[in-house]
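In what follows, a single structure is set out as structure tokens and then discussed.
The values are calculated or read from the model by the stated rules, or taken from the named source; none is laboratory data. Small disclaimer: the values here were computed from a predicted structure and weren't measured. As a convention, Cβ positions derive from the backbone with ideal geometry for all residues, glycine included, and neighbour counts pool all protein chains shown.
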Amino acid sequence: MRVATLANEIDFDGWRKAARAFRLEGVEPSQARFVVAGGEDQGGLFDAPLTAHPGESRDPVMSSEKHAFQDVGPCEQVTAPSPKELGPGFRRDERKKETAFAVPKAFVDLAQAVILHRSADRFDLLYRLLWRLRDEPDLMKVVTDVDVADAFERAKNVSRASHKMKAFVRFREVQDDQGEAWVAWFEPAHRVLERTAPFFMRRFTTMRWSILTPDGCAFWDGQVLTFGPPATRDMAPTEDEIEEFWKTYYASTFNPARLKTGTMQGEMPKRYWKNLPEAALIPELIAQAAVREDRMVAAPASTPNPRLAQTLSPIVRKGEVAEDYLPTSLEDLNRAVQGCRRCPLWRDATQGVCGVGTTAAPLMIVGEQPGDQEDLAGQPFVGPAGQVLNSALDEVGIDRDQAFVTNAVKHFKHEPRGKRRLHKTPVAGEVTACRWWLDSERRLVKPRLIVALGATAALGVLGRKVAIGKERGHLIALDDGATLMITAHPSYLLRIPDEAGRAAERLRFVEDLARVRDTL
């Protein structure tokens, strides 16, 4: 019996070298043993330790042009014994067997995973496969073979243990002489600490953390990942302040209507529960699931998300005539505008923003387009420009709630600048495309007086470009019997740099709104 002593339970390099030497010496699987230094099984009285192959001056290498064990260089040929050394019964085909042979990459990858399995006979299983590979080079493709299937199943279990470690490690905060650090205790099903630790290094790069396990420990100081000896449960903290917040979050996201206890325990095996703070809540959550589900069924339906209308609204494209689709109410129009594709602005906007007010409003106030806050809120004039407008309306005694407030363009046109979205003025083609919606609002509201705030709003109402300086404050008769008055946009007041100029322009704006009041 030949015995190879490995440095530790996951000493792949040590097993690889010993297995190569055994195979080239012709040591059959029944005569080869692999033991771990310091382990209980140190071999029998008559077991022979591993020695070098006769004639070798260095470690034998099992390699070929196909693949070698990992970290092995190009093909190295082991010198075979001479015919005299082999004796008169030597045949050339037997001598050929003693030279180097090819190892498939699939076997190397498989061996690196299986070596992490906790089974005591994993070294023997791998050596049996290695022994057969010389005479059965396609062995790794025979998935029905007992040894091959067994090895792949163990590799699968190792992969699953690594996945569970990523899912169920729970760090707890501690303080040391360097400040904040995080420590976790975990008991993996297999020896996957060194294989899985780089995942935590990449995910929690800015944290100093330690993962303690019965097999060993991993430490990340923000720069270097290192490994240490095994630990015990009492070396890790049992709780921290964040734990209560985590339990609250877990309980609030628990959906009793989707509870499948068997599936849950399959994905979250009970062996991990003792290290999960949320596991203490699971029995109670399961016990209350039926009652909570009945309560959920009996509760009235919640209001649908208004943004869902964007996927449900009829698509309205440029070129479609009004007869194809005419909104019959403001609510209908607001739903329909979410499906507008008459210009490209819908692609980058959060939602279409229609006007707000009643169909009985005698006054319609038309702005340019929704801004950043309006795009998010779905309401016109709720941002800084809206505050300027509200202040001026209050000053002249116009009740905004009695007016219909809208924009010439219904989608927010902008360009990204870091985390901000900067306003961009719509071009004439975009205003013209959106005029169909503004005309629909005018048809439904039938205002007696329309106030256009700025040149874009005037273009949307009149269908032509205007010069604010020439036509500001004038009353213009429209074809539908309404009257139009043009003034500045409130955002223009916000852009005036000097305080005196801003005050003078605001006074003109208030005077224009006073004339609107008098006209009404």
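Points worth noting:
- Options 428, 392, 403, 433: the member that is closer than 27 Å to residue 346 by Cα and in contact with a helix residue (DSSP H, G or I) (Cβ under 7 Å, 6 or more places away or on another chain): 428
- Counting only strands (runs of 3 or more DSSP E) that sit completely within region 341-458, those holding 3 or more residues that are closer than 20 Å to residue 486 by Cβ correspond to 363-367, 403-407, 449-453.
- Any hit, region 480-487, residues being hydroxyl-bearing (Ser, Thr, Tyr), within 24 Å of residue 335 (Cα to Cα) and buried (at least 17 other Cβ atoms within 10 Å of the Cβ): no
- For region 495-504, residues that are surrounded by 14 or more Cβ atoms within 10 Å (Cβ to Cβ) and in a helix (DSSP H, G or I) total 1.
- Residues satisfying the stated conditions in region 311-332, i.e. of a type in the set (A, V, I, L, M), modelled with pLDDT of 65 or more and farther than 23 Å from residue 427 by Cα: 326, 330
- Applying the set (1) among the small types (Gly, Ala, Ser); (2) touching a helix residue (DSSP H, G or I) at 6+ places or on another chain (Cβ under 8 Å); (3) surrounded by fewer than 15 Cβ atoms within 10 Å (Cβ to Cβ) to residue 367 leaves exactly one unmet item: (3).
- Residues in region 180-234 that are in contact (Cβ under 8 Å) with a residue 40 or more places away in the chain and at positive phi: there are none.
- One residue stands out in region 274-288 among those that are more than 14 Å from residue 250 (Cα to Cα) and either of a type in the set (A, V, I, L, M, F, W, C) or in contact (Cβ under 8 Å) with a residue 24 or more places away in the chain (or both): the one that is surrounded by the most Cβ atoms within 10 Å (Cβ to Cβ), namely 275.
- Test: residue in region 434-442 that is modelled with pLDDT under 95, among the polar types (S, T, N, Q) and farther than 21 Å from residue 465 by Cα: no
- Applying the condition of being free of Cβ contacts under 8 Å to residues at least 24 places away in the same chain and surrounded by 15 or more Cβ atoms within 10 Å (Cβ to Cβ) to region 116-138 and asking which residue is nearest to residue 188 (Cα to Cα) yields 129.
- Which listed residue is among the basic types (Lys, Arg), free of Cβ contacts under 8 Å to residues at least 60 places away in the same chain and assigned by TED's automatic domain parsing to the domain that holds residue 343, from 442, 508, 448: 508
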